[in-house]
Amino acid sequence: MSVRRVVPDIQSDALEESRTFYGLLGFEEVMNLGWVMTLASPAHPTAQLTFMTHDKGAPVTPDMSIEVDDVDAVHTALLAAGADIVRPLQDEEWGVRRFFVKDPNGRVVNVLAHQASPREAKSPDDEGQDGPPLTPGRPPDR
């Protein structure tokens with residue numbers, strides 16, 4: 001199991017104001033679904049902040065998100081360890097597979113993996129590309 005990125009999730013009703021403020025610090029919007037927005041550093045795309053008014057797919061807003069390479073394996077390991085899973089493992093319409101778990105401090109952690117789109121599942125030679133396309137809100141795999 002490997003961690004791809006860790007992102008603080010900030011509950012906010014000021015998405016536009018946050019985009020403007022953090023833009024002054026060098027962040028750019030890389031994903032916006034209306035209720036959730038992610039900003040990233042162009043120079044270091046895994047340096048990210050997520051702001052959300054609520055979580056569309058869950059009754060609780062997470063405190064942080066951790067993207068992993070194998071969310072099913074992490075879920076299995078945490079279940080075996082007796083962790084408090086507060087939202088079950090499931091696929092979301094915006095292309096992630098995720099679950100929520102409480103850490104020992106009571107913080108809710110959104111553990112996720114991006115699902116490959118049919119285009120990403122093809123080899124680069126299938127379409128003459130240099131690699132898979134970028135997914136909004138996801139740093140390049142390179």
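Residues considered: Pro59, Pro42. Of these, the only one that is at pLDDT 95 or above, over 19 Å from Ala113 (Cβ atoms) and exposed (fewer than 12 other Cβ atoms within 10 Å of the Cβ) is Pro42. Here is the figure for segment 50-65: residues that are touching an Asp or Glu at 6+ places or on another chain (Cβ under 8 Å) and outside any strand (DSSP E or B) total 5. Across segment 16-38, the number of residues qualifying as more than 26 Å from Val86 (Cα to Cα), surrounded by 13 or more Cβ atoms within 10 Å (Cβ to Cβ) and not acidic (Asp, Glu) comes to 6.
Looking at (1) of a type in the set (Phe, Trp, Tyr); (2) in contact (Cβ under 8 Å) with a residue 12 or more places away in the chain; (3) over 22 Å from Ala116 (Cα atoms), find the lone condition where Phe21 falls short. In the conditions (1) of a type in the set (Phe, Trp, Tyr); (2) in contact (Cβ under 8 Å) with a residue 12 or more places away in the chain; (3) over 22 Å from Ala116 (Cα atoms), Phe21 misses (2) alone.
Count of segment 66-118 residues, restricted to those that are modelled with pLDDT of 95 or more and part of a helix (DSSP H, G or I), is 10. Annotation: Met1 fulfils all but one of (1) touching a strand residue (DSSP E or B) at 6+ places or on another chain (Cβ under 9 Å); (2) open to solvent by 50 Å² or more (accessible area, probe 1.4 Å); (3) modelled with pLDDT of 95 or more; (4) among the hydrophobic types (A, V, I, L, M, F, W, C); the unmet one is (3).
The values are calculated or read from the model by the stated rules, or taken from the named source; none is laboratory data. Since we're looking at a predicted model, the values are computed, not measured. Neighbour counts are summed over all protein chains in view; Cβ atoms, including those assigned to glycine, are modelled from backbone coordinates with ideal geometry. Note: areas computed on protein heavy atoms with side chains; ligands, DNA, RNA excluded. Shrake-Rupley method; radii C 1.70, N 1.55, O 1.52, S 1.80 Å.
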